1. Reachable aspartates and glutamates from K101, Cα under 19 Å, same-chain residues fewer than 8 places away excluded?
2. Could you provide, to the nearest whole Å², the per residue accessible area of the chain with probe 1.4 Å?
3. Once you list every other residue whose beta carbon is under 12 Å from the beta carbon of F278, what net charge do they have if Lys and Arg are +1 and Asp and Glu are -1?
4. Tell me, in nm to one decimal, what length is gained between K397 and A206 on full extension, where the rule is 0.36 nm per residue of separation less the Cα-Cα distance?
5. Between N99 and A78, how high is the FRET efficiency from 1/(1 + (r/R0)^6) when r is the Cβ-Cβ distance and R₀ = 25 Å? Nearest 0.05.
6. Sort 130-137, 51-58 by packing, meaning the average of other beta carbons within 10 Å per residue, with the highest value first.
7. Taking the Cβ of D288 as the centre, find all other residues whose Cβ is under 15 Å away and add up their charges (Lys, Arg: +1; Asp, Glu: -1).
8. By how many degrees, 0 to 90 and rounded to 10, does the Cα axis of helix 86-96 deviate from the longest principal axis of the chain?
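The values are calculated or read from the model by the stated rules, or taken from the named source; none is laboratory data. A quick note: this is a predicted structure, and the numbers were derived from the prediction, not measured. Methodologically, a virtual Cβ is constructed for each residue, glycine included, from the backbone with ideal geometry; neighbour enumeration extends over all protein chains shown. Accessible surface is based on the protein model in full, side chains and every heavy atom, while ligands, DNA and RNA are left aside. Shrake-Rupley method; radii C 1.70, N 1.55, O 1.52, S 1.80 Å.
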Amino acid sequence: MERLPGFRDFYPEPLPTPDVWSADARTYLFDTWRATARRYGFREYDGPPLESLELFTAKSGAEIVGQLYNFTDKGERAVALRPEMTPTLARMIAAHERNYKKPIKWFAIPQLFRYERQQKGRLREHFQLNCDLLGETDPAADAEIVALLIDCLRGLRLTSEDFVIRLSSRNAWQEFFQRGTRNAERGTGEYEFYQVIDKLEREDAAVSEQKLQALGFSLVQVKDFIAAAKPTEELQNILDNLAARGLADFVKIDYNVIRGLAYYTGPVFEAFDKKGEFRAIAGGGRYDNLVKLVSGGKVNLPALGFGMGDVVLLELLKVRGLLPKFDGGVEVVVVVEDETLRADSLKLVQQLRESGAVVEYSLTPAKPDKQFKRALELKAAFTAKLERSTGGALAVKFKNLQTREETVLAFAALTRQTVCGLLAK
Ligand code: HAM
């Protein structure tokens, strides 16, 4: 039986083959994401992986709807695996926002499913850190979200040499669009226009030109606007806020970014590796109307946030050599040399574990040199074994496997403090 295309198996390291993913690297990523989001005061939430199809069809836009994993369940409901988290968040917020003080700052690490054409950096499932802030219209909120995105990447030891946030604004493009269509019918073709801009860097110039002409614009006009990269007042505000934190090097104005999803309303941004070898690392922006749309007009809360996938990021960290070496993290191997001491050894194992140490031992009788060899294979810091003195008292002999130094302690006197002191915890 083989796994489905575009799906992944995660194994503990060392990896058996190059086509599987590291469960250890994934944990490292999630731990860093969680710790950073918490430092910014974000609280963790989650929702169901399966939602009613309607939640996505009306809200996310054509591109993502074409990639849905959807089916009719046994109760004749039209359902879909979540392709993104934002509509679920909007639904959850709309139901219970009154229980929470504003601004609401939440994060989640959902697994998402998109039936995409498989390519580098794009699979049919991925994990995505989502950080969102609701209930604040001031650009200070946009700056806070961008700063959090930057720090999530810095936490993984990436620097301003490695990545950049391309900051843009749907408001800037909306103004551009409305100026250009002053004499034409207002509003028509706006979303189509955004779609052309979104594909500008990937599509053939002649095709873009043709599509723009049909909407009453020229490619030169659009390219000039992008090249000028003049920040709007709102974007300048965000830049100044980030500069005050010493994060100016991580952002630049880039109107090539407009975002594919339908619900964005204001500032939008994407994170890219600086060498341009990979697809977007993260993307997000303001979506001030989504909660209203999802709640059928009942709740109106401005919102913004970003999503950062694990696929591109893990590929990037691997190529840049920034992933730590992973092993089981075993600290002590308890060696049972004398089987008459197995019950006492189990007591020692238990006591060490209760003190917070990562402990291994042989479940069944084995030759002492085999147990010792296993300790070396596991890269344990210490071995510990019980010895009975002539007087009958039990002593624990710890051996530091690096320095070979031995420490003997009376078993009866072993405390959490002595264990922690020994392991320098
Ligand atoms: P998105 O741009 O569709 O935004 O996805 C965000 C990130 O998820 C991408 O930059 C990429 O790293 C990763 N990603 C997306 N699709 C795939 C895929 N098929 N395989 C691997 N990685 C992928 C959203 O989903 C928005 N809901 C984000 C958001 C949150 N906006 C506001 N709040």
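1. E44, D46, D132, E136, D138, D142, E144, D288
2. On a per-residue basis, the chain sits at 51 Å².
3. So the surrounding residues net to +2.
4. Numbers: separation 191, 0.36 × 191 = 68.76 nm, distance 7.68 nm.
Separation in residues times 0.36 nm, less the Cα-Cα distance, equals 61.1 nm.
5. Computed FRET efficiency for N99 and A78: 0.25.
6. 130-137, 51-58
7. Value of the local net charge: 0.
8. For helix 86-96, the angle is close to 90 degrees.
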